[in-house]
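The values are calculated or read from the model by the stated rules, or taken from the named source; none is laboratory data. None of the values given here were measured: they were computed from a predicted structure. All Cβ positions, even for glycine, are placed from backbone atoms using ideal geometry, and neighbour counts span all protein chains on display. These accessible areas exclude ligands, DNA and RNA; they are computed on the full protein's heavy atoms, side chains included. Shrake-Rupley method; radii C 1.70, N 1.55, O 1.52, S 1.80 Å.
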Amino acid sequence: MARPRHDGARARRVLDEAGGFGAMTWVMAIMLFLTILSAALGLGTGHATRSLDRQLSGRLTVQIVVGDPVRRDALAARALATLRRVPGVVHAVPVPRAELERLLAPWLGGDAADPALPVPAMIDVDLAGDGDAARVAAAMAAVDPAIRVDRHEAWMSPVSGFMTTMTFLAAALVVLMAVATGAVVLLAARAGLETHRETISVMHMLGSTDVQVARLFQRRIALDAAIGGAIGAVAAFAVVLFLGLRLQALGSELLGGVTLGAGDWILLALLPPFFVLLAMLAARTAVLGTLRRVL
């Protein structure tokens with residue numbers, strides 16, 4: 001009984017020294033690095049999309065576009081008084097002209113502060129629910145047909161749609177990376193079997209079973225996958241943290257929503273163990289399938 005154990009130990013060392021398996025460390029590092037970045041992108045854009053939808057849902061801007069400043073101000077006062085009586089309107093405040101001038105300054109420069117410039121009057125409105133928008137539009141039409149009601153959600157929907165697309169694209173990339181990792185492990189395991197065919201034949205003659213041989217390959221690939229996954233994960237987390245700090249420094253309300261919560265970090269941390277299990281399963285499947293067909 002001592003001889004098979006000694007030969008089995010020697011076989012494990014031979015498999016451990018296989019050059020083909022050494023490359024698995026860097027393959028797994030690259031795969032985990034790209035996978036975690038893709039997953040972080042998907043989770044971050046998903047948070048930003050939901051945050052944007054919450055901010056825009058039930059928000060309106062009432063515009064009084066009238067050239068005559070006297071009539072414009074009178075209509076704005078009537079519209080504001082009417083809005084505050086409409087059921088479902090939580091908040092209605094006029095936008096100060098100074099704020100409008102600040103928004104126009106990048107395009108008009110100093111002319112934005114010209115009192116003769118026909119700047120429309122605007123009123124920001126917050127609603128209790130989405131269904132109240134139609135009631136507001138009807139109330140403003142009754143005040144004057146020249147009054148326009150713009151829903152923030154309508155003109156920002158292309159941005160929200162693009163961010164949703166990015167979220168699904170990131171999820172698809174994670175799935176593709178998992179499939180590619182499984183395929184690489186299958187190829188590596190089959191190449192290892194071919195390289196050590198004679199050693200495996202000797203092990204079979206000494207009484208080793210296909211399952212025992214498969215466990216040797218699983219152990220080797222699991223070790224390489226764990227080391228490579230740790231390297232790739234550390235590098236990916238560093239990049240994600242760096243990008244998060246850069247986004248915060250921009251001070252953008254839209255990009256500021258691209259954040260990761262505690263649950264997201266836990267999910268990202270679970271990716272390396274998942275890929276190790278995936279590599280082990282792929283190696284076992286490849287080895288047992290090949291041994292049953294060939295040896």
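Surface calculation, 1.4 Å probe, protein heavy atoms: H47 sits at approximately 60 Å² accessible. Accessible area per residue (1.4 Å probe, heavy atoms of protein chains only) ranks V239, V185, V65 as V65, V239, V185, with the largest value leading. Accessible-area rank, largest first, for D73, D144, D124: D73, D124, D144, with all protein chains present and a 1.4 angstrom probe.
Using the Cβ-Cβ distance between V90 and A172 with R0 set to 45 Å, the FRET efficiency works out to roughly 0.70. Roughly how much of F242 is accessible, in Å² to the nearest 10, using a 1.4 Å probe? Roughly 120 Å² of F242 is accessible to a 1.4 Å probe. For the pair I30 and R102, the difference between a 0.36 nm per residue extended length and the Cα-Cα distance amounts to 21.2 nm.
Note on I231: accessible area is roughly 80 Å² with a 1.4 Å probe, heavy atoms of protein only.
Dipole size of the range 27-93 about its Cα centre, with +1 on Lys/Arg Cβ and -1 on Asp/Glu Cβ: approximately 320 debye, rounded to the nearest 20. When all protein chains stay in place and ligands, DNA and RNA are ignored, the 1.4 Å accessible-area order of R85, R97, largest first, is R85, R97.
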